[in-house]
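> Could you have a look at this structure, given as structure tokens, before my questions?
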Amino acid sequence: MEKQRLQELENQCIQECAPPCTAACPVHVDCRGLALFMARGDFAAAVKLLRKALPFPAVIGAVCDQPCCAYCNRGRVGGAIEMAALERAAARFGETAPPRISLLPSRGKSVAIVGSGLSGLTAAFDLRKKGYSVTVFEKDGRLGGSLREHAAGRLFPEIAEKDFSVIESMGIEVRLNTAADPRDLPGFDAVYAAPGAAPAHAFPAIDPLTYEAGTPGVFAGGSLLRGSGNYSPIFSVSDGRRAAVSIDRFLQGASLTASRTGEGSLGSCLYTKMDAVAPVPAPCVPAQGFTNEAAMQEGARCLQCQCLECVKVCTYLESFGGYPKKYVREIYNNLSIVMGVRQSNTLTNSCSLCGLCAEVCPNDLNMADVCSEARRTMVSQKRMPASAHDFALRDMAFANSDACAMALPAPGGTCSRLFFPGCQLAASAPDHVEKCYRLLQEKLGSDVGLLLRCCGAPADWAGRDDLLEQAIDEFGELHRSLGSPQLILACPSCSRVFKRLLPGLDSVSLWEILDRAGIAAPEAKAAGPVVCLHDPCSARHDDAVQESARQIAARLGCRLEELPFSRRMTACCSFGGLQWFANNKLARAGIGRRMRESTRDYLTYCSMCRDLFAGQGKRCLHMLDLLFEDDAPGRAGRACPTWSQRRDNRARLKRRLCAGIKEETMPETDGRPELIIAPDVQAVLEERFILTHDITRVIEHAEQTGRKLTRPGTDRFLAHHRVGSVTYWVEYTGTGSGPFTVHTAYSHRMEIRERADI
Amino acid sequence: MTTGAKEPSWLCAACGIALERGMVEIAYMGSAFPVELQRCPRCGIVYIPEELALTRMAEAEKILEDK
């Protein structure tokens, strides 16, 4: 991933954008953070936060003109947050002792400030903190300038005295009753003129970005920029702060204009969903300010605006405790590690690649693209942990091996249409593949062929372009040899893979074909069950398939209810992206969430979705159950076939089709010893992704070589054997050719180097 | 299902003798290191308990995979 691409992706996530209140505030007070501390009653933390943006929090709290209010999202549901009153309460209840302001070491340069209004005092405060000697000239007998007249009645003198006392405590020299000409102050390295609403001609050319006032070293701002009728306390503070930045840069010989885009009042790009926000009316602010209870209540009224739209709908994004902007950076950093721990491998491999995040994101950021690309990079760097996808890739290899893969007509023959059920339908309901094949021949003519194999989706999800390419090439060759027939696809994942990698391929969904063929409900099925339709995530953008599925279900007697997340907004069953293998715990949480969307039985048109729901105890039908099963409701409780049964189902389907249709028998490969496995042991094997086939190999190896352990006084043996890159251990009873009772099995990837002579 | 501590120890079925603790080399992801495990002093067959495979070995595999 290129750095520029990283930045583009990061910028698509707006979760870290300032909320509208903070963006609108010209000094960017963290209004959201302040409200949160106030709601918790942590006034000390609240005032500490305020002091990061405001030199005089109590004064601003009393007089602020609150540009934030116009942008506050709460404004539309009850009234904007009373931010100034919160600030005033924070200063009153949170700051019992005078603040300690830390100063940088002296820089040996001096600045004159003309005028002691909010603008001048803010500049004085900031420059003194930066280590400059500062002298304030005020023509009247007290600090405050135009603030005092404009805020009469709101600014209690004791508040101003308390807040401004910090000026002298910082060592700023104040010369009261001293009028000064900003252009005639010899002995100072720079001057900031903030004399209040002075006549416009006093400084005819003030730069709005840098506050330079025509003469080098002379800067001007504050009310004189706005005139006497437009006094704004908070914009005066902002002017003082921004002028201080310019003066500091001027005195250090730095650019006055570089990197200043974030200053002043800005728009916000943060999206906050407001659909479900209940109105809470704004309180009246008493003249003496909020009590601490009232301040806490007002803090609690803040919506704490944030986006997190994707995190709210995705168990994966939620479970890593952040949001895409953070995740994109972590994934990028993970790819860049040369030496060290790759802490984000699991983050990268856990995404189901379902794309729901992009549907809800205001900027269409799709974590599937990020994770998919990152997985490919990990594979190319030879850094992909084998444990993440090995089992699924072995399952794919098996589906495409001679044991399962087959074409009808056999090589040499051609057809005009080709039914491609996908590897998981054959694994889950092999008889339905056969029945569906015959139904298609009945509806469309005998010129329909059948191709049993895997499209390559697992390789795509694992980032294994080599295996994906191989699967697609093999498919392409077979497809051409069959006369390039139109493809009829039962599985939405196959459809997605083929559409992306073979864009010229003529294909149609089985569900559209059945819809058009006018499948009608037999009489007995007229009053079918009430079910919720679960759209597979790979059909998210296939509106036609979604519609056909609904039409077929209705015609087969189902009364359909829509789930809260359906069609384009559908949620993944947790098999997508191989999440089930790479992060099984997360996948179980994700499917649990999907299952709880309704207590109704589910109906779907992806066999993997169907089986995973059933495996977690959610009654679920496959569309073909409605078509081919007399007791469809009963079929919803059918158990999820084990991974071993799935393999056997595929292999058996091929044997049956070869025997039945081609009238030639396949050799029975099943000369394996009989295994007796209790249901609780079977459940453990399933959880550990251990196939009975692997167990058989361990036992056969042990019985042939005699290499096994025995426990005296029992009839039990323990044997291990390495199959591929995994070592399997099996504890069993039985000898010779069996049968064998399996008591437990476990595995590890580490290789034991057994030697007799250590 | 797991190997209880009070059950009798495993013997090597081929050699008919009790296992003893000894150093065994374990390798993964290009790293190899010695570990003390129960093994047959004659033929070298090793015993890895279920609990060890599921916990410490699994953790070590993850660490090595992420290294």
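The values are calculated or read from the model by the stated rules, or taken from the named source; none is laboratory data. Source: prediction; values computed, not measured. Using ideal geometry, Cβ is built from the backbone for each residue, glycine included, and neighbour counts are taken over all protein chains shown.
> Do we find that A:Cys305 is touching a Lys or Arg at 6+ places or on another chain (Cβ under 7 Å) and crowded, with 22+ Cβ neighbours inside 10 Å in this structure? Before the answer, list the steps.
Details: touching a Lys or Arg at 6+ places or on another chain (Cβ under 7 Å): yes; crowded, with 22+ Cβ neighbours inside 10 Å: yes.
Yes.
> Tell me the strands (runs of 3 or more DSSP E) entirely within the range A:488-570 that contain at least 3 residues that are farther than 23 Å from A:Glu442 by Cβ.
On the way: elements: A:507-509, A:530-534, A:559-562.
Filter on the range A:488-570 gives A:530-534, A:559-562.
> Let me ask something else. Among the residues of the range A:691-711, how many are in contact with a helix residue (DSSP H, G or I) (Cβ under 8 Å, 6 or more places away or on another chain) and either part of a strand (DSSP E or B) or facing another protein chain (nearest Cβ under 8 Å) (or both)?
Of the range A:691-711, the ones in contact with a helix residue (DSSP H, G or I) (Cβ under 8 Å, 6 or more places away or on another chain) are A:691-693, A:695, A:707-708.
After this cut, where a residue has to be either part of a strand (DSSP E or B) or facing another protein chain (nearest Cβ under 8 Å) (or both) as well, the list is A:707-708.
Qualifying residue count, the range A:691-711: 2.
> Inside the range A:210-227, can you point out the residues that are outside any loop (DSSP other than H, G, I, E, B) and either hydrophobic (A, V, I, L, M, F, W, C) or free of Cβ contacts under 8 Å to residues at least 24 places away in the same chain (or both)?
Within the range A:210-227, A:Val218, A:Phe219, A:Ala220, A:Leu224, A:Leu225 qualify.
To keep it simple, each residue is scored yes or no on (1) touching a strand residue (DSSP E or B) at 6+ places or on another chain (Cβ under 8 Å); (2) assigned by TED's automatic domain parsing to the domain that holds A:Leu586; (3) of a type in the set (Asp, Glu).
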| site | (1), (2), (3) |
| --- | --- |
| A:Ile488 | yes, no, no |
| A:Pro492 | yes, no, no |
| A:Pro503 | no, no, no |
| A:Val508 | yes, no, no |
| A:Val530 | yes, yes, no |
| A:Asp543 | no, yes, yes |
| A:Ser566 | yes, yes, no |
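> Give the residue that is surrounded by the fewest Cβ atoms within 10 Å (Cβ to Cβ), with candidates limited to residues of the range A:36-65 that are closer than 15 Å to A:Ala85 by Cβ and under 34 Å from the mean Cα position of the chain (by Cα).
Looking only at the range A:36-65, we keep the residues that are closer than 15 Å to A:Ala85 by Cβ, and these are A:37-39, A:43, A:46-47, A:50, A:54, A:57-65.
Narrowing the set further to residues that are under 34 Å from the mean Cα position of the chain (by Cα) leaves A:37-39, A:43, A:46-47, A:50.
Values: A:Phe37: 23, A:Met38: 31, A:Ala39: 19, A:Phe43: 22, A:Ala46: 30, A:Val47: 25, A:Leu50: 27.
It comes out as A:Ala39.
> Applying the selection to the range B:16-28, what residues are crowded, with 17+ Cβ neighbours inside 10 Å and more than 7 Å from chain A (Cβ to nearest Cβ)? Outline the logic, then answer.
To start, the set of residues in the range B:16-28 that are crowded, with 17+ Cβ neighbours inside 10 Å comprises B:19, B:24, B:26, B:28.
Passing the criteria: only B:Leu19.
> Confirm whether A:Ala46 is of a type outside the set (Lys, Arg), closer than 18 Å to A:Glu95 by Cα and in a helix (DSSP H, G or I).
Yes, satisfied.
> Can you pull out the residues in the range A:630-657 that are surrounded by fewer than 20 Cβ atoms within 10 Å (Cβ to Cβ) and modelled with pLDDT under 90?
If the condition is that a residue be surrounded by fewer than 20 Cβ atoms within 10 Å (Cβ to Cβ) and modelled with pLDDT under 90, then A:Asp630, A:Asp631, A:Pro633, A:Gly634 are the ones that fit.
> Hey, does the range A:509-517 have a residue that's surrounded by fewer than 19 Cβ atoms within 10 Å (Cβ to Cβ), closer than 23 Å to A:Arg646 by Cβ and at pLDDT 95 or above? First the steps, then the outcome.
First, pick out the residues of the range A:509-517 that are surrounded by fewer than 19 Cβ atoms within 10 Å (Cβ to Cβ): A:516-517.
Of the ones still in play, those that are also closer than 23 Å to A:Arg646 by Cβ are none.
No, the range A:509-517 has no match at all.
> For the range B:34-57, which positions are under 20 Å from A:Ala388 (Cβ atoms) and facing chain A (nearest Cβ under 7 Å)?
B:Ala53, B:Leu54, B:Met57
> Return the residue satisfying two criteria in turn: it lies in the range A:717-742 and is surrounded by fewer than 20 Cβ atoms within 10 Å (Cβ to Cβ) and farther than 30 Å from B:Ile63 by Cβ, and of such residues it is modelled with the lowest pLDDT. Don't jump to the end; show me each part of the working.
Residues of the range A:717-742 surrounded by fewer than 20 Cβ atoms within 10 Å (Cβ to Cβ): A:722-725, A:733-739, A:741.
Now narrow it down to the ones that are farther than 30 Å from B:Ile63 by Cβ: A:733-739, A:741.
Values: A:Thr733: 97, A:Gly734: 93, A:Thr735: 88, A:Gly736: 86, A:Ser737: 86, A:Gly738: 81, A:Pro739: 94, A:Thr741: 97.
Step by step, filter the range A:717-742, then rank; the result is A:Gly738.
> While we're looking at this one, here's another question. What are the residue pairs meeting all of these: first residue in the range A:293-307, first residue assigned to a helix (DSSP H, G or I), second residue of a type in the set (D, E, K, R), Cβ atoms under 7 Å, and 6 or more apart or on different chains?
As it stands, the answer is A:Glu298/A:Glu82; A:Arg301/A:Arg74, since those pairs meet every condition given.
One line per residue, one yes/no per condition, for (1) under 27 Å from A:Asp65 (Cβ atoms); (2) among the hydrophobic types (A, V, I, L, M, F, W, C); (3) not assigned by TED's automatic domain parsing to the domain that holds A:Tyr132; (4) not in a helix (DSSP H, G or I):
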site: A:Ala197; (1), (2), (3), (4): yes, yes, no, yes
site: A:Pro208; (1), (2), (3), (4): yes, no, no, yes
site: A:Phe235; (1), (2), (3), (4): yes, yes, no, no
site: A:Ser238; (1), (2), (3), (4): yes, no, no, no
site: A:Ala243; (1), (2), (3), (4): yes, yes, no, no
site: A:Ile247; (1), (2), (3), (4): yes, yes, no, no
site: A:Lys273; (1), (2), (3), (4): no, no, yes, yes
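> Only residues that are surrounded by fewer than 17 Cβ atoms within 10 Å (Cβ to Cβ) and not small (Gly, Ala, Ser): list them for the range A:698-709, please. Before the answer, list the steps.
The initial filter retains those residues of the range A:698-709 that are surrounded by fewer than 17 Cβ atoms within 10 Å (Cβ to Cβ), namely A:704-706.
Scanning the range A:698-709 gives A:Gln704, A:Thr705.
> Let me ask something else. If you check A:Val681 against the conditions, is it more than 23 Å from B:Gly22 (Cβ to Cβ) and either part of a strand (DSSP E or B) or within 7 Å of another protein chain (Cβ to nearest Cβ) (or both)? Step through it out loud before you land on a result.
Numbers: more than 23 Å from B:Gly22 (Cβ to Cβ): yes; either part of a strand (DSSP E or B) or within 7 Å of another protein chain (Cβ to nearest Cβ) (or both): no.
Against the criterion (more than 23 Å from B:Gly22 (Cβ to Cβ) and either part of a strand (DSSP E or B) or within 7 Å of another protein chain (Cβ to nearest Cβ) (or both)), A:Val681 does not qualify.
> Of everything in the range A:588-606, what is among the small types (Gly, Ala, Ser) and in a helix (DSSP H, G or I)? Give them in sequence order.
Filtering the range A:588-606 down to residues among the small types (Gly, Ala, Ser) leaves A:589-590, A:592, A:598.
A:Ala589, A:Gly590, A:Gly592, listed by residue number.
> Being in contact with a Cys (Cβ under 9 Å, 6 or more places away or on another chain), farther than 30 Å from A:Met1 by Cα and crowded, with 21+ Cβ neighbours inside 10 Å narrows it down to one of A:Ala405, A:Ala399, so name that one.
Working: A:Ala405 fails: crowded, with 21+ Cβ neighbours inside 10 Å.
Every option except A:Ala399 fails the conditions.
> Please work out which one of (1) hydrophobic (A, V, I, L, M, F, W, C); (2) more than 27 Å from A:Ala582 (Cα to Cα); (3) crowded, with 24+ Cβ neighbours inside 10 Å is the condition A:Trp461 fails and give its number.
Condition not satisfied by A:Trp461: (2).
> Specify the residue that is farthest from A:Leu393 (Cα to Cα); the eligible residues are those in the range A:692-741 that are in contact with a Lys or Arg (Cβ under 8 Å, 6 or more places away or on another chain), of a type in the set (Val, Ile, Thr) and touching a residue at least 12 places away in the same chain (Cβ under 8 Å).
Going through the qualifying residues, I end up with A:Thr733.
> While we're looking at this one, here's another question. Does the range B:58-67 hold any residues that are among the basic types (Lys, Arg) and either more than 7 Å from chain A (Cβ to nearest Cβ) or part of a helix (DSSP H, G or I) (or both), and which are they? Can you show your working first?
Going residue by residue through the range B:58-67, those that are among the basic types (Lys, Arg) are B:62, B:67.
The answer is B:Lys62, and nothing else.
> Which of the residues spanning the range B:12-36 are assigned to a strand (DSSP E or B) and modelled with pLDDT of 95 or more?
Kept after step one, since they are assigned to a strand (DSSP E or B), are these residues of the range B:12-36: B:12, B:18, B:20-28, B:31-36.
Hit for the range B:12-36 is B:Cys12, nothing else.
> Would you mention how many residues in the range A:153-172 are surrounded by fewer than 16 Cβ atoms within 10 Å (Cβ to Cβ) and not in a loop (DSSP other than H, G, I, E, B)?
6
> If you scan the range A:585-598, which residues turn out to be surrounded by 15 or more Cβ atoms within 10 Å (Cβ to Cβ) and out of contact with any strand residue (DSSP E or B) (no Cβ under 9 Å at 6 or more places or on another chain)?
Going residue by residue through the range A:585-598, those that are surrounded by 15 or more Cβ atoms within 10 Å (Cβ to Cβ) are A:586-591, A:593-595, A:597-598.
A:Leu586, A:Ala587, A:Arg588, A:Ala589, A:Gly590, A:Ile591, A:Arg593, listed by residue number.
> Cβ-Cβ distance below 6 Å, separation of 6 or more or different chains: which pairs start in the range A:532-544 with a residue that is surrounded by fewer than 22 Cβ atoms within 10 Å (Cβ to Cβ) and end on one that is assigned to a loop (DSSP other than H, G, I, E, B) and modelled with pLDDT of 95 or more?
A:Cys532/A:Leu563; A:Cys532/A:Ser598; A:Cys532/A:Arg600
> Out of the range A:323-382, which residues are acidic (Asp, Glu) and not in a helix (DSSP H, G or I)? Give the steps one after another, and end with the answer.
Applying the first criterion (acidic (Asp, Glu)) to the range A:323-382 yields A:330, A:359, A:364, A:369, A:373.
A:Asp364 - this is the single residue of the range A:323-382 that is acidic (Asp, Glu) and not in a helix (DSSP H, G or I).
> Which count do you get for residues in the range A:720-748 that are among the polar types (S, T, N, Q) and within 12 Å of another protein chain (Cβ to nearest Cβ)? Before the answer, list the steps.
To start, the set of residues in the range A:720-748 that are among the polar types (S, T, N, Q) comprises A:725, A:727, A:733, A:735, A:737, A:741, A:744, A:747.
Among the residues that remain, those that are also within 12 Å of another protein chain (Cβ to nearest Cβ) are: A:725, A:727, A:735, A:744, A:747.
Of the residues in the range A:720-748, 5 are among the polar types (S, T, N, Q) and within 12 Å of another protein chain (Cβ to nearest Cβ).
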